[in-house]
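Only the coordinates and a few stated rules stand behind these numbers; no lab work does. As the structure is a computational prediction, the values presented were derived from the model and not from experiment. Because the Cβ atoms are built from the backbone with ideal geometry, glycine has one as well, and the counts that use them run over all protein chains shown.
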Amino acid sequence: MGVRFGGFMHNVELFDGEVFGMSEVEAVYTDPQQRLLLEAAWEALQGAGLKGGQTGVYVGIQQQEYSGMAGQHATGFIPFMATGGAFSVAAGRLSFKYGLEGPCLSVDTACSSALVALLNAVLTLRASEAEAAVVTGVRLELTLQHTLDAAFATMLSPSGRCFTLDERADGYVSSEGVCGTALR
């Protein structure tokens with residue numbers, strides 16, 4: 001492929017669903033991205049001392065691969081398959097779990113998803129549509145397909161460096177991650 005660089009998370013399959021009130025079956029059929037969002041949101045809320053109320057939820061998320069993967073191993077109808085991988089459910093899951101009653105939005109704008117989620121949270125707070133906001137972002141590559149597609153399209157940087165808007169730009173470096181913060 002000509003690509004040697006990337007930033008990838010380890011042990012994303014490790015998750016204690018009981019801590020978040022999930023049955024074992026629900027945890028298995030919930031996209032690891034949503035699991036990471038639950039953890040990141042909890043840390044952000046705890047750090048800000050927020051407990052429910054008029055708090056908005058803004059999620060930047062992309063790479064919808066898990067539903068197809070989980071569906072291949074399902075035997076029979078499992079209702080959690082419908083919600084476990086849906087981007088529309090990601091923000092709602094956080095709102096429901098943490099009793100947050102402000103605006104709720106999942107955003108997929110590719111590489112800028114978390115940044116656009118943050119922008120929406122700031123605009124909501126400026127408009128006094130919520131008292132606070134929790135903003136999270138996540139990206140996992142659970143299969144090689146995206147990396148292969150990007151490599152064959154020569155979109156990935158062979159130098160392993162991103163030079164955005166610079167004449168030295170030769171592509172981007174694919175990476176995974178999760179983040180979360182709370183705003184007032």
Notebook entry, point to check: In whole angstrom, how far apart do the alpha carbon centroids of region 1-60 and region 122-155 sit?
Noted result: 13 Å
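What chymotrypsin sites (Phe, Trp or Tyr not before Pro) in region 93-172 are in a loop by DSSP, with at most 16 other Cβ atoms within 10 Å of the Cβ?
Details: sites: PHE96, TYR98, PHE152, PHE163, TYR172; in loops: PHE163.
Answer in residue order: PHE163.
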Notebook entry, point to check: Taking amide H positions as placed 1.01 Å from N in the peptide plane, with prolines and chain starts having none, which residues 5 or more places from CYS104, or on another chain, fall under 5 Å of its amide H?
Noted result: VAL57
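Taking the Cα centre of the chain as origin and charging only Cβ (+1 Lys, Arg; -1 Asp, Glu), how large is the dipole, in debye to the nearest 20?
About 340 debye.
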Item checked: For PHE163, distant residues with modelled amide H under 5 Å away -> ASP170, GLY171
Next item on the list: Using a 10 angstrom cutoff on alpha carbons, build the Gaussian network for the chain and name the most mobile of VAL89, VAL19, VAL122.
Entry: VAL19
Margin query: In the chain, once you exclude exposed GluC sites (Glu not before Pro) (DSSP loop, at most 13 other Cβ within 10 angstrom), what's the longest stretch remaining?
Written below: 14-128
Next item on the list: Let me know the shape class of the chain, please: from the alpha-carbon gyration tensor, a ≥ b ≥ c as square roots of the eigenvalues, rounded when a/c is under 1.5, otherwise prolate if a/b is greater than b/c, or oblate.
Entry: oblate
Next item on the list: Using a 10 angstrom cutoff on alpha carbons, build the Gaussian network for the chain and name the most mobile of SER128, SER174, SER88.
Entry: SER128
